[in-house]
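The values are calculated or read from the model by the stated rules, or taken from the named source; none is laboratory data. The shown structure was predicted, so the numbers you read here are calculated from the model rather than taken from an experiment. Here the Cβ positions follow ideal geometry from the backbone for every residue, glycine too, while neighbour counts run over all protein chains shown. Ligands, DNA and RNA are stripped out before the accessible areas are found, and what is left, the full protein with its side chains, is counted by its heavy atoms. Shrake-Rupley method; radii C 1.70, N 1.55, O 1.52, S 1.80 Å.
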Amino acid sequence: MTRNKIYIVLIAAVFITFTVVFDTFPRSTYSELEKRELASFPEFSFEKLFDGSFTRDVSSWFSDSEPFRDDLMSCSMQIKDLIRLTMSEDNVTFHASTDAPAAVQETETDKDAIANRNVDEYHNELTANENAKIANAGIIVVGTGDKVRALMAYGGGSKGGVSYAGAANKYKETFGNKVNVYCMVIPTAAEYYCPEKARKCTNSQQATINNIHAHLRPDVKAVDIYTILGEHAAEDIYLRTDHHWAPLGAYYAAYKFAKVAGVPFRDLKHYDRKVVRNYVGSMYGYSKDASLKNAPEDFVYYVPRGVQYTTTYINYTINSHYQVTGEQKPQKSIYFFKYRDGHSGAYCTFMGGDTKITQVRTSTKNGRRVMILKDSFGNAIPGYLFFSFEEIHVVDARYFTKNMVDYVRENKITDILFANNIFNAYSGAVCKKYVHYLTQKHGAMAPKDEVKDEHAHAAHERKDTVAHHASHKKPEPAVDNVSEEAEKREEE
């Protein structure tokens with residue numbers, strides 16, 4: 001009987017503790033693990049009360065904003081890792097947009113024009129024999145110890161990406177011979193590091209890239225970075241704990257772009273190497289696999305020297321639905337933001353995030369002015385082009401309220417580069433936005449239905465992909481301190 005009383009007292013104590021904690025302690029508002037804002041308490045209305053949505057939203061808020069949410073999730077991850085709780089390979093989420101249009105028919109002339117645009121298949125000789133497990137959300141976790149790597153399964157098909165080629169074609173048709181247009185598709189790490197045992201969990205990105213290249217106009221220049229990344233796959237070209245590539249991967253991509261564009265390019269001897277140590281990126285939160293937290297990596301980036309540049313930002317204000325609600329006046333600032341060791345937002349080193357137009361003016365005087373139309377993968381590219389272009393303009397796929405034709409004319413843009421990761425290149429919604437920018441009125445806001453689509457896409461990119469991304473959350477990342485050397489160089 002005494003033993004039963006002790007058991008009842010212990011259960012009651014646990015119940016009371018959880019009741020006090022979950023009902024009285026401050027609620028969590030942001031999850032560092034999941035890289036997202038947590039649910040807020042819903043606004044009350046009698047209409048919502050009567051149709052049941054208010055109580056449903058309260059329930060969602062209560063479960064989503066629990067006190068110590070990240071601590072409890074970390075504890076759960078550690079327990080799962082200790083008992084080796086691994087999902088089966090059948091539980092895989094394929095990450096690709098479902099709105100990609102069907103492939104269009106190409107003519108014999110088109111086939112001749114793009115015959116040399118196909119990229120060769122990459123054969124993985126680095127991690128082909130590694131063990132792999134499928135973690136939360138279909139994330140493929142490869143290897144063990146300090147070499148563990150998380151990969152995002154790709155579900156796109158060989159006939160996808162036509163709308164991405166269509167967007168590049170439309171820009172070339174609009175601007176004609178006055179502007180060079182380039183199409184770059186950025187592969188993700190799964191293409192280079194997926195073991196043979198898990199290969200059936202992810203589709204070929206090479207096939208999609210070849211399909212995109214096949215549908216480009218002959219006068220749109222394909223930038224094949226698939227091949228050069230494969231040649232350097234043994235180097236740290238992708239982050240192990242984040243869904244983004246590493247700055248070194250962007251360096252090789254920038255080199256290939258500069259070569260295709262016919263502009264000067266400087267190798268890494270002209271850059272200062274900077275390091276943020278003990279970095280753990282977005283894939284820890286996506287996969288909920290503790291092995292990633294236990295294997296932090298160095299986030300290495302490169303700051304150019306021997307070239308002067310000034311950076312101007314046109315910052316947007318964004319609401320909770322990722323809709324642009326305002327535009328600030330141009331402000332000069334630094335290009336490279338510095339983060340402390342261990343900071344999960346280190347990928348925001350470049351330009352501090354996405355919700356802005358970036359304009360970099362350099363001391364390179366060759367009359368070439370490039371505009372980069374990008375997602376967050378593209379953030380790492382511009383810093384390698386300060387020796388290559390007189391001006392660099394950076395526009396994010398989600399945030400642009402001007403008329404593109406007017407912007408290109410007023411800023412005398414000579415080159416336009418589409419630089420997006422393969423998930424966004426596969427997405428018809430993203431490409432539709434690019435085309436819409438050509439005709440939208442200056443300062444126009446996106447229609448509500450498009451806002452919802454973009455919000456859903458941003459969530460998809462953060463949670464499933466892709467995408468962010470620490471740089472995808474609405475608030476600007478907290479910067480611990482500014483690189484004095486970089487700031488001084490930019491002021492020059």
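Distance check, please: which entries in K48/K329; K197/K356; K293/K433; K159/K374; K147/K356 exceed 32 angstrom between their Cα atoms? Over 32 Å apart, Cα to Cα: K48/K329; K197/K356; K293/K433; K147/K356.
Heavy atoms of the protein chains alone define the surface here; on that basis segment 272-319 has 32 Å² accessible area per residue at 1.4 Å probe size. Within the accessible surface of segment 262-384, defined with a 1.4 Å probe on protein heavy atoms only, the carbon and sulfur portion equals 45 percent.
Modelled spin labels at K365 and R305, positioned 7 Å past Cα toward Cβ, are 2.5 nm from each other.
Surface listing: F257, F265 arranged by accessible area from highest to lowest gives F265, F257, probe 1.4 Å.
Rg of the Cα atoms in segment 175-315, relative to 2.2 N^0.38 Å, amounts to 1.23. In terms of Cα atoms, the Rg and Dmax of segment 226-294 work out to 14.7, 46 Å. Overall, segment 285-418 carries a charge dipole of about 360 debye about its Cα centre when +1 sits on the Cβ of Lys and Arg and -1 on the Cβ of Asp and Glu, all other atoms neutral. Every pair of different Cα atoms in segment 381-438 enters the Kirkwood calculation, which places the hydrodynamic radius at 12.8 Å. If you take all other residues with their beta carbon under 14 Å from the beta carbon of D120, and give Lys and Arg +1 and Asp and Glu -1, the sum is -3. Solvent-accessible area of L151, all protein chains in place: 0 Å² (probe radius 1.4 Å, heavy atoms, ligands and nucleic acids excluded). Both radii are taken from the alpha-carbon atoms of segment 276-338; with Rh as the Kirkwood radius, Rg/Rh is 1.13.
Where does the charge balance sit around N210 when Lys and Arg score +1, Asp and Glu -1, over other residues with C-beta under 11 Å from its C-beta? Summing Lys/Arg as +1 and Asp/Glu as -1 gives -1. Projected label points at N278 and S40, each 7 Å from Cα along the beta carbon direction, are separated by 3.3 nanometres.
Between K147 and L126, the contour length at 0.36 nm per residue exceeds the Cα-Cα span by 6.4 nm. Compared with the alpha-carbon gap, the fully stretched path from K259 to R409 is longer by 51.5 nm at 0.36 nm per residue.
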